[in-house]
Amino acid sequence: IASAPVFERAEIPMVVTTATNPYVTIDQRTDKVRPYAFRPCFIDPFQGTVAARFAITDLGAKKGAILYDVGSDYGQWLARYFEEAFVAKGGEVVAKEAFRTEELDYRAQLGKIKELGPDVIFIPTSQKEAAMAAKQARDLGIEAVLLGTDNWGSPDLIELGGSAIDGGYFVNLTDLADPDIQEFVAEYKAAFGEDPVLPNPVMAQDALLMIVDALDRSGGAGGEPLAEALATIKDLKVTSGVLTVDPADHNPLDKPAVIQQVDVANAAFKFVKKYVSVED
């Protein structure tokens, strides 16, 4: 969000990989699309709505709580989108507790959450904060299902959270079991001897393929023609599937999301289901 105006003034396109806030490509002051900002990933209103729908439909949650970082745009906006969608789908958000960036003791906030007995706690943070929150929640005797976002998708979540995070769910951009990325997973494993940590490498390749396609069609004539070519990408085969850019907001059309579950025993994230739309 901070970089977008700089690139715009320089007339240099930027293609971000996993920046999911809608205001990366939309100017919040004017509500107009930023002509030089693009991405291959879904955006947070979709991610928050998917999380809320999964909580209500699949987990049977009626009461939800939110624990988020008040100093993070990522956490603030996802907390808002989840709350709006959860309430719209018939749920009740009984607690919305905040902490400050770099703070790692959430017992006071979790104590308030425990008293209200939520079925699910939504924690839109990075893996470190999520792991600490999980440990403290279980220490306090909280049995609610823990639900997170694409920032959870790192082995650090399991290493730091241990048994406390086991069985938690989170939204991600893709999964190792996704048929569309099997060739990439095999090539990555052959090169590095381990599975890729998703979604970053897949989104990075998608972004690169978007740029290559736009360069081919613009002839590399400069920033403005390249931006126009990026805005008109249609049915481009990328690592994660087929990508079409919506010229109205420079986001990919119909970008799916997956739900993964934390499996500590196997040090893995298990595929649960895939959403192409929030009505799936």
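The values are calculated or read from the model by the stated rules, or taken from the named source; none is laboratory data. As the structure is a computational prediction, the values presented were derived from the model and not from experiment. Please note: Cβ atoms are built from the backbone with ideal geometry, for glycine as well, and neighbour counts cover all protein chains shown. Just so you know, the surface numbers come from the protein's heavy atoms only, side chains and all, with ligands and any DNA or RNA stripped out. Shrake-Rupley method; radii C 1.70, N 1.55, O 1.52, S 1.80 Å.
Among the candidates Tyr81, Tyr74, Tyr68, which residue alone is open to solvent by 10 Å² or more (accessible area, probe 1.4 Å) and at pLDDT below 95? Working first, answer last.
Working: Tyr81 fails: at pLDDT below 95; Tyr68 fails: at pLDDT below 95.
Residue meeting the stated conditions: Tyr74.
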* Structure fact -> Given the conditions (1) open to solvent by 40 Å² or more (accessible area, probe 1.4 Å); (2) at pLDDT 95 or above; (3) polar (S, T, N, Q), every one holds for Gln28 apart from (2)
* Asked: Can you tell me which residue in segment 238-267 is surrounded by the fewest Cβ atoms within 10 Å (Cβ to Cβ), limited to those that are farther than 22 Å from Ile26 by Cβ and without any contact (Cβ under 8 Å) to a residue 12 or more places away in the chain?
  -> Asn266
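Only one of Thr18, Thr25 is in contact with a strand residue (DSSP E or B) (Cβ under 9 Å, 6 or more places away or on another chain) and polar (S, T, N, Q); which?
Thr25
Could you tell me whether Asp119 is of a type in the set (Asp, Glu), within 23 Å of the chain's Cα centre (by Cα) and modelled with pLDDT of 95 or more? Break it down into steps so the answer makes sense when it comes.
Details: of a type in the set (Asp, Glu): yes; within 23 Å of the chain's Cα centre (by Cα): yes; modelled with pLDDT of 95 or more: yes.
When the stated conditions are applied, Asp119 passes them.
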* **Failed item, numbered, when Asp44 is tested on (1) open to solvent by 10 Å² or more (accessible area, probe 1.4 Å); (2) acidic (Asp, Glu); (3) under 26 Å from Ala248 (Cβ atoms)** => (1)
* Structure fact -> Taking segment 190-219 and keeping only residues that are out of contact with any Phe, Trp or Tyr (no Cβ under 9 Å at 6 or more places or on another chain) and under 22 Å from Gln261 (Cα atoms), one is left with Val197, Pro199, Asn200, Met203
* To do: Kindly list, by first and then second residue, each pair from a residue in segment 26-52 that is over 18 Å from Ser240 (Cα atoms) to a residue that is open to solvent by 10 Å² or more (accessible area, probe 1.4 Å) and of a type in the set (Ser, Thr, Tyr), limited to pairs with Cβ atoms under 6 Å and residues at least 6 apart or on different chains.
  => Asp44/Tyr81; Pro45/Tyr81; Gly48/Tyr81
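Only residues that are small (Gly, Ala, Ser), surrounded by 13 or more Cβ atoms within 10 Å (Cβ to Cβ) and not in a strand (DSSP E or B): list them for segment 91-118, please.
Initial filter on segment 91-118 (small (Gly, Ala, Ser)): 91, 95, 98, 108, 111, 117.
From what's left, surrounded by 13 or more Cβ atoms within 10 Å (Cβ to Cβ): 91, 95, 98, 111, 117.
Across segment 91-118, the qualifying residues are Gly91, Gly111, Gly117.
Would you say Thr17 is hydroxyl-bearing (Ser, Thr, Tyr) and in a loop (DSSP other than H, G, I, E, B)? Outline the logic, then answer.
Values: hydroxyl-bearing (Ser, Thr, Tyr): yes; in a loop (DSSP other than H, G, I, E, B): yes.
Yes; evaluated as a whole, the condition is true for this residue.
Table: residues versus (1) within 20 Å of Thr20 (Cα to Cα); (2) open to solvent by 10 Å² or more (accessible area, probe 1.4 Å); (3) in a helix (DSSP H, G or I).
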residue	(1), (2), (3)
Val185	no, yes, yes
Tyr188	no, yes, yes
Ala204	yes, yes, yes
Ala207	yes, no, yes
Gly220	no, yes, no
* within 17 Å of Gln261 (Cβ to Cβ) and surrounded by fewer than 24 Cβ atoms within 10 Å (Cβ to Cβ), is that true of Ser163? -> yes
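Tell me the residue from Ile158, Ile142, Ile181 that is surrounded by 17 or more Cβ atoms within 10 Å (Cβ to Cβ), assigned to a loop (DSSP other than H, G, I, E, B) and in contact (Cβ under 8 Å) with a residue 24 or more places away in the chain, please.
On the way: Ile158 fails: assigned to a loop (DSSP other than H, G, I, E, B); Ile181 fails: assigned to a loop (DSSP other than H, G, I, E, B).
Selected residue: Ile142, the only one of Ile158, Ile142, Ile181 that is surrounded by 17 or more Cβ atoms within 10 Å (Cβ to Cβ), assigned to a loop (DSSP other than H, G, I, E, B) and in contact (Cβ under 8 Å) with a residue 24 or more places away in the chain.
Looking at the structure I just gave you, is Val87 hydrophobic (A, V, I, L, M, F, W, C), farther than 22 Å from Val272 by Cα, open to solvent by 10 Å² or more (accessible area, probe 1.4 Å) and not in a helix (DSSP H, G or I)? Don't jump to the end; show me each part of the working.
Details: hydrophobic (A, V, I, L, M, F, W, C): yes; farther than 22 Å from Val272 by Cα: yes; open to solvent by 10 Å² or more (accessible area, probe 1.4 Å): yes; not in a helix (DSSP H, G or I): no.
Answer is no for this residue.
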